[in-house]
Structures are given as C-alpha cells and as structure tokens.
Amino acid sequence: MKKITIAIDGYSSCGKSTMAKELAHRLGYVYVDTGAMYRSVTLFALREHLFDAEDTLDADRLSALLPQVRIDFRLNPETGHADACLNGENVEQKIRGLEVSSRVSIVAAQPFVREMLVRQQQAMGEGKGIVMDGRDIGTVVLPNASAEVRAERRYKELQAKGQPADYESILKNVQDRDYMDSHREVSPLRQADDAIVLDNSHLTIAQQDAWLMDRVREKLAE
Ligand code: DC
C-alpha cells in the first residue's frame, strides 16, 4: 500500500500528540515527536549547566557541544510508543518535567539547534510511513508542495481573476518568502500552505481521530 508522510503542527498541549500517536498506531506508521528532540537538547544543556541563574543560555557553549548530542527513539514495549533517548539513555520522563518545559523555548529558538534537528527530522521523513508532530513540520521539515507548484497555483488563481500575472516573478516571490520565513531568527508556528486545518475545540478525541482518518483515506486514494 502507498505510504505518505503526515505532518501535524499546532500549539503546545492542543492534543496533537494524542492524535498523532493514535493515527500512527492505526496506520502502522512510525510516530516522531519532534518536541521531544528539542526537549532532549534542553535536558542536555541543563546537565551541562549552560543556563545561568537568570536562565540565560550559553549558546556558544551549546553550539560547541552539540555534536556530542545524539537523540533517537526506541520502542517501549509497555506503552507501544517510541521513547526519546539522549545519548542512549531513556529520557522520556525527564524531558516532560517543568525544569525542561520552562526552558525548552529558549533552546528551540537557537538557529543552530533547529538546523541540526531539522536535518535529522528530514532524514527520518525520507522513508515515508511517518507521522511527525511539532511546529514547523509542514512548513520547514517536510513541506509538501514545491515552490514551482505553489507559484503555478498562484499564477492560475490570478489569471482566473483576470489580474496581471507573471509566473517568473511569482516564483521568485514565493522563493524569497520561503527563504525569509525559514531563515528568520525564530521559527514560529505557521500554517503550511497545503495544511488541512482542524479546529478541535468542540470535538471529542474519537471525533477528531475519525476526522483525521477520513482525511488520510482521501489522501491515500489520490
Ligand atoms: O510539543 P512540545 O511541547 O513537546 O514542544 C516542546 C518545545 O519545542 C516547544 O517550546 C516548541 C518547540 N518545538 C519547536 O520549536 N519545533 C518543533 N518542531 C517541535 C517543538
């Protein structure tokens, strides 16, 4: 059967990991919790005493030490889910504590950290059959539509509206914006161009899972 990569982006604690895990389980796909990777680097930084009393991060030191950080996921037979491991140690519980949670945003804002983790996430995504959740998965890690495809869509849209359209300048604009968006200091959450948005404010978990399975079936049938 055809396999795809599925990106689920959203704010903290909005239910995306519950959804992503359930989906991966149902499809027999691998679930990758990218937040756990930023959390693991934060735990590493804490252990190396890279935060001072005011919680300022010694970014230069972290950058120098980063090659020593190895993050992988290992299946926990008890839960059936993959646990985050930092240099071989299972840190799944430790990275969920307040010590890490209150500092992870500082670490996740470091461009050199994002660069390393995004590279690893892209390698994981190459194999397909992956459900990945985070903030920038659909936009930076595994963007689906190429700049050319998006420029083409925009071009046709403008043409259909009878507005002047020049494909080359639209493409350049799409590429320039992609560059700026992915190279700004902090990589905030933004919606992927081809994202399907679910407002789960008034849905039960079962309802949101059913909604998601319908979207996946549609994609697989394409
Ligand atoms: O999803 P989470 O709460 O475990 O994420 C932990 C932190 O990592 C959160 O501050 C946002 C950040 N993060 C990110 O910047 N990019 C991702 N792809 C995943 C998480």
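Read the figures in this text as sums done on the coordinates, not as results from a lab. The model shown is predicted, which means the values in this text are computed figures rather than measured ones. Here the Cβ positions follow ideal geometry from the backbone for every residue, glycine too, while neighbour counts run over all protein chains shown.
Name every residue in the stretch 107-117 that is more than 9 Å from the ligand (Cβ to nearest atom), surrounded by fewer than 20 Cβ atoms within 10 Å (Cβ to Cβ) and touching a residue at least 12 places away in the same chain (Cβ under 8 Å), in order of residue number. Listed by number, the residues that qualify are PRO111, PHE112, MET116. Considering (1) over 21 Å from ASP33 (Cβ atoms); (2) within 22 Å of the chain's Cα centre (by Cα); (3) exposed (fewer than 10 other Cβ atoms within 10 Å of the Cβ); (4) not charged (D, E, K, R), the lone condition that SER63 does not fulfil carries the number (3). Contact map, the stretch 9-35: first residue under 16 Å from PHE73 (Cα atoms) and in contact (Cβ under 8 Å) with a residue 12 or more places away in the chain, second residue of a type in the set (Ser, Thr, Tyr) and surrounded by fewer than 18 Cβ atoms within 10 Å (Cβ to Cβ), Cβ cut-off under 9 Å, separation 6 or more or different chains; pairs are GLY35/SER12. Listed conditions (1) more than 20 Å from the chain's Cα centre (by Cα); (2) among the hydrophobic types (A, V, I, L, M, F, W, C); (3) near the ligand (Cβ under 10 Å from one of its atoms) are all met by LEU46, apart from (3). Regarding ASP55, is this residue within 16 Å of the ligand (Cβ to nearest atom) and at positive phi? The answer is yes for ASP55.
When ASP83 is tested against (1) surrounded by 14 or more Cβ atoms within 10 Å (Cβ to Cβ); (2) touching a residue at least 24 places away in the same chain (Cβ under 8 Å); (3) within 15 Å of the ligand (Cβ to nearest atom), only condition (2) is not met.
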